[in-house]
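K.L.:
Structure below; questions to follow.
The values are calculated or read from the model by the stated rules, or taken from the named source; none is laboratory data. None of the values given here were measured: they were computed from a predicted structure. Backbone-built Cβ (ideal geometry, glycine too); neighbour counts: all protein chains shown.
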Amino acid sequence: MLIETSLISSAYPSWGIFEGVREIFQNMRDGHLEGYDMHINVEPDAVTFSNTGVSLPREALLIGYTTKVDKEDQAGCFGEGLKIGSLVLARSGKNVKIRFGTEMWVPKIVKSNVYNAEVLAVEIVDGFEDYGVLSVVVPLSQMEWNELKYNFLTVVDYESFHCSSGEILTEPRYKGRVYVKDIFVQKMDKLEYGYNLHNVKTDRDRKMVDEWDAKRAVRKIWGTACEEGPLFYRAFWNMLMDNKRDTDFFMYSSSGIPECVAKQITDDFQDKYGENSYPVLYESEVKDLSHFGGRGVVVSCNALVQIIQTVTGDTDEIKKQLASSVKYEYKSNELDGVEKVNLFKVASLLSKILNCPDLRFKIDIVDFSASNTLGQYRGGRYLIARKVLSNLSETMKTLIHEIAHGCGRDGEKSHVSSIEQIWAKLFDYKDRRSK
């Protein structure tokens, strides 16, 4: 009996033997995931893929027929792999034989009696003994199989780090090779490692992974690997330092990297380049940070910046932190005579006009990390840069500005109004004293 399908022989014109075997393999693997044990038997002139306890209805010859709807763990989510694989192999001169129950199906390409085209047809022969196994025999030489087998991780031994999101393939043989659910999908040049990704979608031809799915998966795998121990952490650190292409998976996002790993990377970066050092992408950011007492280090690795900024905040946040940080707090006996006199005069005068007798006990004299920071209001205390004290009017102006912060932030109406009121009280007090 010969049954024609509606699958034209010229379908998938770029596919060859590998793609045909891939389709057969993924269907049998999916059967294994469903609980039907998969076996592979390699002989000198053929490879047999089999699932125990599986049978095929005649409807399996219909385009669009599938038993895999909504099963995301299966690579053959389109449900047509056996038919398409048989077509591609037959077109390549490799006629497969499919055995199950008492029947043997032999796919072949024929001139259609219905359509003006060559199509895939299946010759069905009955009368065989039923062994309770679905088997697909693919005519391949030992050399052909040896070249193909490394496209299917299920059938080879390999070294890797694995987690729920996938695997980092550590052997040089797999460098730059990207697999999805154990099946080779694409080669990416200049990658340091290979990757076997789970829960990732591919295009219809299974030749390209979804970019965002892949990035998310690789970030998660490396995040987990770095938590496992120093070996993978150091490998990841070296890739960041050398801007390897693997780090492109982290471009624009560092999700998947645990907080403890990001903190370790930040600490190692500052150990390497010095305290208050931060990675930046542009020279302009170096100047911005130096103005606030920080050190910008221009790097080419976007991922390094992304990861460290999860700890430090972005450049604007870093500048705010630097501006508010204190390098040193002075004791009274460390100030010189002029500084002590100016501080005493200003604090005494303002405490009188503001009716705040304990004002002088709320003032701290410090060195800020940022050289342009003169004062800060923090938790009810007034921090004044020591360099301000050498000038009486600067000391007055700075302390008034910080006292006014008790009413609002810089630029807010309440802050500006408070400054004006303090100066008005000061002039009023001076005027009364002069009369």
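K.L.:
Mind listing whichever residues of region 275-287 are in a loop (DSSP other than H, G, I, E, B) and either modelled with pLDDT under 90 or surrounded by 15 or more Cβ atoms within 10 Å (Cβ to Cβ) (or both)?
P.N.:
Listed by number, the residues that qualify are E275, N276, L281.
K.L.:
Of everything in region 187-205, what is out of contact with any Phe, Trp or Tyr (no Cβ under 9 Å at 6 or more places or on another chain) and farther than 22 Å from N238 by Cβ? Give them in sequence order.
P.N.:
K187, H198, N199, V200, K201, T202, D203, listed by residue number.
K.L.:
Scan region 198-242 for residues that are modelled with pLDDT of 95 or more and farther than 23 Å from E259 by Cβ and jot them down.
P.N.:
The one that is modelled with pLDDT of 95 or more and farther than 23 Å from E259 by Cβ: D242.
K.L.:
From Y179, Y252, Y233, grab the single residue that is of a type outside the set (G, A, S) and crowded, with 19+ Cβ neighbours inside 10 Å.
P.N.:
Just a single option satisfies the conditions, and that option is Y179.
K.L.:
Of (1) touching a helix residue (DSSP H, G or I) at 6+ places or on another chain (Cβ under 9 Å); (2) in a helix (DSSP H, G or I); (3) modelled with pLDDT under 95, S290 satisfies all except one. Which?
P.N.:
Result: S290 passes all but (1).
K.L.:
Taking region 275-294 as the region of interest, how many residues are of a type in the set (F, W, Y) and in contact (Cβ under 8 Å) with a residue 40 or more places away in the chain?
P.N.:
Final tally of qualifying residues: 2.
K.L.:
What are the residues in region 284-315 that are charged (D, E, K, R) and touching a strand residue (DSSP E or B) at 6+ places or on another chain (Cβ under 6 Å), if any?
P.N.:
Once the filter is applied, which keeps residues that are charged (D, E, K, R) and touching a strand residue (DSSP E or B) at 6+ places or on another chain (Cβ under 6 Å), region 284-315 yields E285, R295.
K.L.:
Moving on. Among the residues of region 301-339, what is the count of those that are assigned to a helix (DSSP H, G or I), of a type in the set (G, A, S) and farther than 28 Å from G223 by Cβ?
P.N.:
Residues in region 301-339 being assigned to a helix (DSSP H, G or I), of a type in the set (G, A, S) and farther than 28 Å from G223 by Cβ: 4 in total.
K.L.:
Could you say which residue among D242, D248 is out of contact with any strand residue (DSSP E or B) (no Cβ under 7 Å at 6 or more places or on another chain), among the charged types (D, E, K, R) and closer than 21 Å to S165 by Cβ?
P.N.:
D248
K.L.:
Then there is this: Determine whether region 2-12 contains at least one residue that is in contact with a strand residue (DSSP E or B) (Cβ under 6 Å, 6 or more places away or on another chain), aliphatic (A, V, I, L, M) and either more than 23 Å from D205 (Cα to Cα) or modelled with pLDDT under 90 (or both).
P.N.:
Within region 2-12, one or more residues are in contact with a strand residue (DSSP E or B) (Cβ under 6 Å, 6 or more places away or on another chain), aliphatic (A, V, I, L, M) and either more than 23 Å from D205 (Cα to Cα) or modelled with pLDDT under 90 (or both).
K.L.:
A follow-up question, please. Could you check, for region 299-308, whether at least one of its residues is more than 30 Å from W212 (Cβ to Cβ), surrounded by fewer than 17 Cβ atoms within 10 Å (Cβ to Cβ) and not assigned by TED's automatic domain parsing to the domain that holds P357?
P.N.:
No; the residues of region 299-308 include none that is more than 30 Å from W212 (Cβ to Cβ), surrounded by fewer than 17 Cβ atoms within 10 Å (Cβ to Cβ) and not assigned by TED's automatic domain parsing to the domain that holds P357.
K.L.:
Quick one: which residue in R219, R234 is over 13 Å from the mean Cα position of the chain (by Cα), closer than 22 Å to N196 by Cα, in the same structural domain as C163 (by TED's automatic domain parsing) and without any contact (Cβ under 8 Å) to a residue 40 or more places away in the chain?
P.N.:
R234
K.L.:
Just checking, how many residues over region 117-134 are closer than 22 Å to L89 by Cα and exposed (fewer than 12 other Cβ atoms within 10 Å of the Cβ)?
P.N.:
Residues in region 117-134 being closer than 22 Å to L89 by Cα and exposed (fewer than 12 other Cβ atoms within 10 Å of the Cβ): 1 in total.
K.L.:
Say whether the condition of being outside the structural domain of R204 (by TED's automatic domain parsing) and under 17 Å from L120 (Cβ atoms) is met by at least one residue in region 28-51.
P.N.:
no
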